[in-house]
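Q: Here it is: the structure, laid out below.
The values are calculated or read from the model by the stated rules, or taken from the named source; none is laboratory data. Because the structure is a prediction, the values reported are computed rather than measured. A quick note on method: Cβ atoms are made from the backbone with ideal geometry, for glycine too, and the neighbour counts reach across all protein chains shown.
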Amino acid sequence: MDGVTRFIPQSLAARTLAALTVGFAVLFATMVGLHDVLLRKAVEHGTEELLAQRLSTLIDAVAAAPEVDRDQLAHALSRADLTVHWRRNTEPSLEHPSDANWEAVATRAKALSGLTTEVRVRSGRIDRSSDRIAGIGAIARLQDGSWLEVEIASFNVLSTDQAALHSYAAAIGLVLLLAVGFAARSVSAPVSALAATVSRLDLEREIPTLPSSGPREVQMLAEALNGMAARTRDAFRQRTLALGALSHDLMSPIARLRLRAEELPDEIREPIRRDLAEMETMVSDVLAYLRGGHGGEVIQPLVVAALVRTVVDEFTDAGTHVEEGRMDENAVVPVRRIAIKRAVTNLVANAIRHGREPWIEVVEASESVLVRVGDRGPGIPTEDLPRVTEPFFRGDPARTAGRSGSGLGLSTARAIVEAHGGSLSIDSAPGKGTVVTLKLPLKQARTEASAGSKLM
């Protein structure tokens, strides 16, 4: 099925033109076949009529002459491709034709003449190379009982240049297809331009006005999308302001509580510190998830291996060893550094929290940079894999019991990498560990970096 789909045009103009081309081909083939059948019948009927008229003219010319002059007149009518003999009493020999078409010629010649009582015609043979009929014979019994014998060595067949007709029809069809293709292109081009502009929309930047050209329906769609883009931009700005206010309103009380906890006895201070740290982590995770990896940060070139080593060093300083695998030092991607660091940190924290012996590596592929974070823990149950990146999903309670976390680590990492035009994938086998791969495309990242540099 995929092999067939590969040959189906994808664009609106191409599909329209392909459908019309197929329809025209079927119509043209039907027209040519029907035209050939009708033309053949017309040619056969016209040839019969001309041959019958010629025979009747010869018969009338000889029969109308005095009997003493008939033989001389018959010889006078003869020429290279025509032989005419008049016989007083002797009946010429002529085989009866079996072809119904030739019987029709004899019947028509008798009807046209009016001076004969019987006409018989011997069928000739058609020479396709010259479009002529050779070897036609006919005998006619005149009203006085004498006979007229006619031998036609060669007779033209009515014909037409079918190749020229087919060429004209094909040329007209081609012109029509070109006109239809141009019309389809005039409809699809505004839609393609509209789709291209929509695909480049970025809520962090000023939203361009979508082109409203082409048919009325396309203009209506462009105007509707322009209105929707403006409303979305306003909503995004309001959300950004709300996130900033939320960050200030929550972090400030937490900081004050931390300072006040310092005055409490040790047995009370430490549990409060842990609770406040967990609250701060949860608030930060929620804010990072809602920002979706944006946060107003400017895109800049980043050596991914250096960033990964920084994350590894921070976990090492905190007392957790993270094994370093392959590190491609030339893997440089224009990204938002803080956002990507948070994504990598979340993945490593997940590997430490839910697995054992965490490891990380950076691999540069042909069109992207891959950051793989894995562990050698119990793995993720197969039924939970499709949902582990959902916000606040914690999976099996027995697997996550006693482990802190907001349930937004993977969700935030996915939102961040998708904001960079990349993707997040998870491979896990129960009892063998889990591998999470961040994929950052080089081309898309470079495009974003170029756009971001224009704002600076």
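Q: Taking the range 330-380 as the search range and keeping residues that are of a type in the set (Asp, Glu) and either under 40 Å from the mean Cα position of the chain (by Cα) or crowded, with 22+ Cβ neighbours inside 10 Å (or both), which one is farthest from Ile299 (Cα to Cα)? Before the answer, list the steps.
A: Taking the range 330-380 as the starting set, the residues that turn out to be of a type in the set (Asp, Glu) are 357, 361, 364, 367, 375.
Among the residues that remain, those that are also either under 40 Å from the mean Cα position of the chain (by Cα) or crowded, with 22+ Cβ neighbours inside 10 Å (or both) are: 361, 364, 367, 375.
Working: Glu361: 23, Glu364: 19, Glu367: 19, Asp375: 30 Å.
Taking the candidates together, the pick is Asp375.
Q: Checking Ala25 against (1) within 30 Å of Ala189 (Cα to Cα); (2) modelled with pLDDT under 75: exactly one of these is not met. Which one?
A: Condition (2) is where Ala25 drops out.
Q: In addition: Could you check the range 28-59 and list, in sequence order, the residues that are polar (S, T, N, Q) and at pLDDT 75 or above? Even if it seems obvious, please write down each step before you answer.
A: Step one: of the range 28-59, the residues polar (S, T, N, Q) are 30, 47, 53, 56-57.
Those that are polar (S, T, N, Q) and at pLDDT 75 or above: Thr30, Gln53, Ser56, Thr57.
Q: Here is a list of conditions, (1) loosely packed, with under 13 Cβ neighbours inside 10 Å; (2) in the same structural domain as Ser123 (by TED's automatic domain parsing); (3) modelled with pLDDT of 75 or more, and Ser167 meets all of them except one; can you say which number that is?
A: (2)
Q: Quick check on my filter: what residues within the range 346-395 are of a type in the set (A, V, I, L, M) and either part of a strand (DSSP E or B) or not assigned by TED's automatic domain parsing to the domain that holds Met327 (or both)? Let's see the steps before the verdict.
A: Kept after step one, since they are of a type in the set (A, V, I, L, M), are these residues of the range 346-395: 347-349, 351-352, 360, 362-363, 365, 369-371, 373, 380, 385, 388.
Matches in the range 346-395: Ile360, Val362, Val363, Val369, Leu370, Val371, Val373.
Q: Which of the residues spanning the range 354-393 are free of Cβ contacts under 8 Å to residues at least 12 places away in the same chain and under 18 Å from Ala415 (Cβ atoms)?
A: Pro386, Arg387
Let's see how each residue does on (1) in a helix (DSSP H, G or I); (2) under 60 Å from the mean Cα position of the chain (by Cα); (3) at pLDDT 85 or above:
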position	(1), (2), (3)
Ala61	yes, no, yes
Pro97	no, no, no
Ala109	yes, no, no
Gly135	no, no, no
Ser154	no, yes, no
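Q: While we're here: Can you work out which of the residues in the range 407-433 that are of a type in the set (Ser, Thr, Tyr) and surrounded by fewer than 24 Cβ atoms within 10 Å (Cβ to Cβ) is modelled with the lowest pLDDT?
A: Of the range 407-433, the ones of a type in the set (Ser, Thr, Tyr) are 411-412, 423, 425, 428.
Next, only the ones that are surrounded by fewer than 24 Cβ atoms within 10 Å (Cβ to Cβ) stay: 411, 423, 425, 428.
Working: Ser411: 83, Ser423: 90, Ser425: 91, Ser428: 86.
Checked the range 407-433; the qualifying residue modelled with the lowest pLDDT is Ser411.
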